[in-house]
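The structure appears below as structure tokens.
The values are calculated or read from the model by the stated rules, or taken from the named source; none is laboratory data. These numbers come from a predicted model, not from an experiment. Neighbour counts are summed over all protein chains in view; Cβ atoms, including those assigned to glycine, are modelled from backbone coordinates with ideal geometry. For the accessible areas, the whole protein counts, side chains as well, though only heavy atoms, and no ligand, DNA or RNA atoms are used. Shrake-Rupley method; radii C 1.70, N 1.55, O 1.52, S 1.80 Å.
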Amino acid sequence: MEFIPIGTLLTVLLSQVNKTAQAAKDIVFEKESFKALSEHLSDIKAVLEELQHQKLNDSQAARQALEFLEADVKKANNLVENYKNRARFYLLVKCRSIVKEVQDVTRDIGRSLAALSLANIEVLSGISEQVNRLQNEMQRAEFEASHSRLEIVDKLNQGLTDHKLDQDFANDMLKEIAKAVGVAVEPSEISKELESFRIEKEEAANRKERAEVFFLDQVIELLSRADAARDYKQIRKQYFQRLKVIESYDPKDECIPPFKAFLCCINRTVMDDPVSLCTGTACERTALEAWFKRGEKTDPETGDPLEDFSYWSNIQLRQSIQEWKELNYCVKIRSCKAKLLSEFDSSVEAALDQMQELMKENSVNRDWILIGGLTDTVVAMIGSSCNRDVKEKILVTLKDLVEGNLRNKNKVVESEGFDHIIPCLGIESSLSDAAVELLYVLLQDRSRWDAYVSRKLSYHRCAIHFLVTFLNRPDRRSTEKAEEILMKLCDEDEENIVRAAEADWFQPLIGCIIRGSESSRISIVRALVSMELDEQNIMLLGEAGVIPPLLEMASGNIESKELSLSALVKLSGCHENKKRVAAAGGVPLLLELTFSFHLRTIIIAKCSEVLEKLASNGDGTKFFVDESGNQLEVEPIITKLLAFQQNPNTSYMVRRPALRTLLKICQSESGLVKMAILSSSGVSLILPLLDDSDLEIRATAIHLLFLFSQHEPEGVVEYLLKPRRLEALVGFLENNKNGDVQMAAAGLLANLPKSEESLTKKLIELDGLSAIISILRSGSMEAKENALSALFRFTDPTNLESQRIVVELGVYPLLVKFLESSSVTAKARAAALIGNLSLSSPKLTVLTKTVGFWCFRPPRGPLCPAHGGTCSVNTTFCMLEANVVPKMVNMLHEKVHATTYEVIQALSTLVRAESPQKGANVLHQFDAIHPILEVLSWGSESLKEEALRLLEKVFLSREMVEVYRAAARLALVRLTGSSVNEGEKLQRKAATVLAMVERYSRSSRPLVSGLSR
């Protein structure tokens, strides 16, 4: 080296640096580290060129520094060449050590550069700062492998440490490694890479790098388990080769016994990893290691002392054992097939257990089971087996088959496996859990969801229904997975969101309405509008927060408005949802849209329907508030709602809900009725609607007029007396298909002035009375109550002709029936009507006169004890003949104010001032006087007054005083006493009656037989 000119040395080194810098630049693996090395070498090239230009000093130190630098550059070059064309899988698993090597050689070159600069300080003085910076940077170089690659390597190393050799882990690792190095996950590509990897292992073995060989062997074994690492053609070929061999064995055999050479001489089991000693003895590796660890120094088989304790893998024996195992796999698969085709459930279960064991022994058996036709057989058995335990075991076995095995998964999916699996979700047992677990695995594509299988599952309309049914069951193990499947299916297809909601699982639908895009919202709300929702689901949707986004949509485009308002119509009937609409400031928006006449009719109609819902159930204008909760002014709303009915061009789609909204508002508060009548001319606007061509408009108008007639009946009468108007009202009375309309029509009639005899007369002529009586027979209770009120105009005691017609049409028995069983209101009104009829009884009673001699007198019927003549229900409307009094006495005992008041008035008609004794005697006979006296202790002031008026007439009879003196005196003294807080009028009346009682002597003799007690 001393004889070579230093300039030549410098030239050679310069060439070497340039070559290595270019080569490092071209390395694509761990590019950043090699790129940094290349850049440093390029900077050194500039330093060497400066030395060459300045004529380097030929000193011993300079020569030695050049030699060191040349050696380090050669090392860098060798490193670059070493990793330039290596297997990509190998480069990745060794990335950490490769980067460390690049870092070390960079630092070594930096130290050699420092020595060279010291030997040539004067020559390099012009670039000393540049040289110092360069050598410092190189000596402190810190390189790291890419973070993503290090994560893969760490995950791989951890898996190997944990002996994680399952197929799923192998699939994941192979996929990640292939992606990181840019290799397609295809069997052909993966096979090439693994072959290159094996070459790396062989070269390491040649270099006697045992640790490296062991590590690479582990990695290759793991990756070889992955699906993509197997050539399926080769797998099929291998299976049929083994199948041909076992043809010579008895089909009944389930196992081929192992050769003795396959058994470990230490643990006497078939070896997995056989190793051989120098003596030729073969043992299981782990067993031999444990043998030596215990201090044994002899051959495990012969017992002879060992001089050489080394051992090595017996590849040939391992291959033979593997062939024997594969033959046994084929024997067992053949046996499983026979058992599956048997008719016995026990045999089927045994076959399924054996299949699971085969899969645990070797993942290749998943493919061999498929090739052997067992997958098809098992899938078909899900539908054909009637044994739930067998079905469950089939599902568990299929899960093991498809897990990590794409070919089996495809077979299950393509062989209509879903047709058999999905119905299992509906069975309440662990079978449904197993079905969910299998579906979950089928939907996985290694570390992500399989979009194709998701779509296939979506094609089964019942899949969503069964999954939701499963989800709603308590204590199911796989609920989370079922929900995850449902969410994924809903993410894949909006139709699945709708199906889930139709099955009563609204979570995805709610999420889409709240957070979805505009197009998704429109699509989902359109579906929501067409759904049938029960009260619980309506409440759920409101609680989940869909109302604010629906109101937001109502401010959008035409389509968005129409759909969101249609949905709000569905949701606004629930009281809590009404609150939510109001709280979200929805009512001002709805009113604005309702009265915006430039909008499409359907939108105004939907707004009106929502307003109707808000006002329904007696809520009226309770929810008609602004965002701050302040009550909106109601009068303009009523005025505008009435205005819809004035415009003949307004569509019925708008008029109907607008009129119904007005009705709901008026029904909630009488003050609003007055407002509608007085401020908005409600009666004059609504009356013409009785002639409207739309039946619903007419029916709603009747309801409103029923309310209005309570405040302004005169205008209604005047209108009804016009031609053909009353016929319309009678038509409503006859409408037995709509009880509400009948109720309103009868109520309207009841509210009209009774003094309008012309109206009464015309109603009779038009069969209106018959229609009212028909309601009494078959109408709703509310309609019957109003019909009873309407009858008062026909039972006026001043109009005997009208009363006769009422009785002839069979009303009296109906009234008596009402006394026995009906509402309090109906009972009270029936009693009052009977009282009206009874007032006419004295005038109609025929009193018998003595004519001629007694022997020529005609025979006569029994005389009425109350009226003193011949009575009947039809001719004299007699209460006694109708057997009404006992029923009225029973009503007195019920102690209900409303009915007691009317009963006392009705009973009073029997006790006439001119002859009180007859009526009083009747009341006594039916034991009515005691309960009337009791009224004085519990009744209201007006009721007590009515009782006192009747008692005043009763106690005109001395006999009645004698019988009831003690009880009457006690009750009356209480009323007149100063300790009782009663009105002065009542006390004076009580004192009057008490004076009548005290007037008669206790010793008075009864004038009527049977009265003494």
**Prompt:** Tell me, Kirkwood radius of the stretch 408-540 from alpha-carbon pair distances, in Å?
**Reply:** 15.3
**Asked** What is the set of long-range amide H partners of Arg912 at a cut-off below 5 Å, with H atoms built 1.01 Å from backbone N?
**Response** Gly919
**Request:** Highest first, please rank the peptides 769-776, 503-510 by the mean number of other Cβ atoms sitting within 10 Å of their residues.
**Result:** 769-776, 503-510
**Message:** Among 74-83, 531-540, 261-270, how do they line up by average Cβ neighbours within 10 Å per residue, starting with the highest?
**Reply:** 74-83, 261-270, 531-540
**Asked** Relative contact order of the chain: what whole-number percent is it, with Cα pairs under 8 angstrom and at least 6 residues apart?
**Response** 4
**Prompt:** What is the helix-to-structure angle for 430-442, meaning the angle in degrees between its Cα long axis and the longest Cα principal axis of the chain, kept from 0 to 90 and rounded to the nearest 10?
**Reply:** 50
**Message:** Helix 95-119 against the longest principal axis of the chain: what's the angle in degrees, Cα atoms only, rounded to the nearest 10?
**Reply:** 50
**Message:** Can you classify the stretch 368-463 as rounded, prolate or oblate using the Cα gyration tensor, where a ≥ b ≥ c are the square roots of its eigenvalues, rounded means a/c under 1.5, and otherwise it's prolate if a/b beats b/c and oblate if not?
**Reply:** oblate
**Prompt:** If each Cα of the chain is one equal point scatterer, what is log10 of I(q)/I(0) from the Debye formula at q = 0.05, 0.08, 0.10 Å⁻¹?
**Reply:** -0.67, -1.00, -1.21
**Fill in**
Residue separation between Ser520 and Asp694 times 0.36 nm, minus their alpha-carbon distance, gives in nm 58.8 nm
**Item:** Cα convex hull volume per residue for the stretch 663-765 (Å³)
**Value:** 93
**Where the chain is the region considered: accessible area per residue in Å², 1.4 Å probe** = 47
**Message:** Once each part is reduced to its C-alpha centroid, what is the distance from the stretch 638-705 to the stretch 389-434 in angstrom?
**Reply:** 63
**Request:** Distance between Cα centroids, the stretch 80-99 to the stretch 323-371: provide it in whole Å.
**Result:** 42
**Request:** Measure up Lys31/Lys175; Lys613/Lys737; Lys456/Lys570; Lys94/Lys325; Lys233/Lys409 against 25 Å on the Cα-Cα distance and list the ones that go over.
**Result:** Lys456/Lys570; Lys94/Lys325
**Message:** Could you derive backbone 3J(HN,Hα) for the stretch 619-636 from the dihedral phi with the Karplus parameters 6.51, -1.76 and 1.60 (θ = phi - 60°), listing whole Hz in sequence and x where the residue is Gly or Pro?
**Reply:** 6, x, 9, 3, 9, 7, 10, 8, 4, 8, x, 7, 5, 7, 5, 8, 4, x
**Request:** Pop a pseudo-label 7 angstrom from the Cα along the beta-carbon direction at both Gln646 and Glu669 and give the gap in nm to one decimal.
**Result:** 2.4
**Item:** With every protein chain in place, the chain: carbon and sulfur % of accessible area (1.4 Å)
**Value:** 49
**Request:** Could you go through the stretch 562-568 in sequence order and give the Karplus-derived ³J(HN,Hα) for each residue, using 6.51 cos²θ - 1.76 cosθ + 1.60 with θ = phi - 60°, rounded to whole Hz, and x for Gly and Pro?
**Result:** 4, 5, 5, 5, 4, 5, 5
**Request:** May I ask you to order 310-321, 650-661 by the average number of other C-beta atoms within 10 Å around their residues, highest value first?
**Result:** 650-661, 310-321
**Asked** Could you give the nm distance between label points at Asp353 and Glu757, where each point is 7 Å from its Cα heading toward the beta carbon?
**Response** 10.4
**Prompt:** Using only helices, what value at 222 nm comes out for the chain when you add -39,500 (n - 2.57) per DSSP H run of length 4 or more and divide by the total residues, to the nearest 500 deg cm²/dmol?
**Reply:** -21000 deg cm²/dmol
**Prompt:** Magnitude of the Cβ-charge dipole of the stretch 662-736, K/R +1 and D/E -1, about the Cα centre, nearest 20 debye?
**Reply:** 100
**Message:** Under 15 Å between alpha carbons, and skipping anything fewer than 8 positions from Lys762 in its own chain: which aspartates and glutamates qualify?
**Reply:** Glu718, Glu727, Glu801
**Prompt:** Applying the Karplus parametrisation 6.51 cos²θ - 1.76 cosθ + 1.60 with θ = phi - 60° to the phi angles of the stretch 462-471, what ³J(HN,Hα) value in whole Hz is obtained for each residue in order, glycine and proline being reported as x?
**Reply:** 6, 4, 4, 4, 5, 5, 5, 4, 4, 5
